[in-house]
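Working notes, beginning with the structure itself.
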Amino acid sequence: MGGLVAAAGVAGVGTAWWTSRSRTESANADSDARLDAASEALWRLSFDTPDGKTLAMSTLRGKPLLVNFWATWCPPCVEELPLIDYFYQENKDKNWQVLGLAVDQPSAVSKWLQAKPLSFPVGMAGFGGTELSKSLGNLAGSLPFSAVFSATGALLQRKVGKLTPGDLALWVQLK
């Protein structure tokens, strides 16, 4: 009798696990499809730059791209920008691109960049940049947020929070 109870218990746990696994796989597939759609939508966008020009995302397709969402009022954002700038300078000849998307006021970004210029392009995402970052998997809309795209435009990696040299070392190996 004890064996029968144990077998029934194992069967019940197995069924619950299988049902949960199927739901998780379905949710992951839905999430992947949403991220793919958001990635494709990103490539159709254009951003104003602090110097008044327009930067079309389509011009950045074809090489690996690190996109960093940041703001002048975000301490970890401004702390990581020199690291990202160094990454860009070290890897631009290896076909890596970097784009900073400022979730901020244009005047604040222009003033900040005058004091601390960056080597990579900056686009003005404005406060709508929070929603854009959410569509790419930044569920809380936190800053800083970084996303890495392949040369084909596929979203490869993302991170909420301040980047580390280790993050960048791993990402540079992606293509």
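Observations, loosely collected:
- Residues of the range 94-132 that are free of Cβ contacts under 8 Å to residues at least 40 places away in the same chain and under 18 Å from L168 (Cβ atoms): Q97, V98, G100, L118, S119, F120.
- In the set (1) small (G, A, S); (2) within 28 Å of G52 (Cβ to Cβ); (3) exposed (fewer than 15 other Cβ atoms within 10 Å of the Cβ); (4) touching a Pro at 6+ places or on another chain (Cβ under 9 Å), the condition left unmet by S119 is number (4).
- Of all residues making up the range 32-45, the number that are buried (at least 18 other Cβ atoms within 10 Å of the Cβ) and either assigned to a loop (DSSP other than H, G, I, E, B) or not hydroxyl-bearing (S, T, Y) (or both): 1
- Screening D48 on (1) among the acidic types (D, E); (2) surrounded by 12 or more Cβ atoms within 10 Å (Cβ to Cβ); (3) under 19 Å from the mean Cα position of the chain (by Cα) shows it passes everything except condition (3).
- Helices (runs of 4 or more DSSP H) contained in the range 94-175 and holding at least 1 residues within 16 Å of the chain's Cα centre (by Cα) and aromatic (F, W, Y): 165-171
- Flag if A71 is within 21 Å of G161 (Cβ to Cβ) and among the small types (G, A, S): yes
- Number of positions in the range 122-142 that are exposed (fewer than 15 other Cβ atoms within 10 Å of the Cβ) and either in contact with a Phe, Trp or Tyr (Cβ under 9 Å, 6 or more places away or on another chain) or closer than 13 Å to N68 by Cβ (or both): 0
- Some residue of the range 78-90 being among the aliphatic types (A, V, I, L, M) and surrounded by fewer than 17 Cβ atoms within 10 Å (Cβ to Cβ): yes
- Here G123 passes the criteria (1) closer than 21 Å to G161 by Cα; (2) touching a helix residue (DSSP H, G or I) at 6+ places or on another chain (Cβ under 6 Å); (3) of a type outside the set (D, E, K, R) except the one numbered (2).
- Every pair of residues 6+ apart whose Cβ atoms lie under 6 Å, when the first sits in the range 66-93 and is part of a helix (DSSP H, G or I) while the second is of a type in the set (F, W, Y) and modelled with pLDDT of 95 or more: C77/W70; Y88/F120
The values are calculated or read from the model by the stated rules, or taken from the named source; none is laboratory data. Keep in mind it's a predicted model, so treat the numbers as computed, not measured. We place every Cβ from the backbone using ideal geometry, glycine too, and count neighbours over all the protein chains shown.
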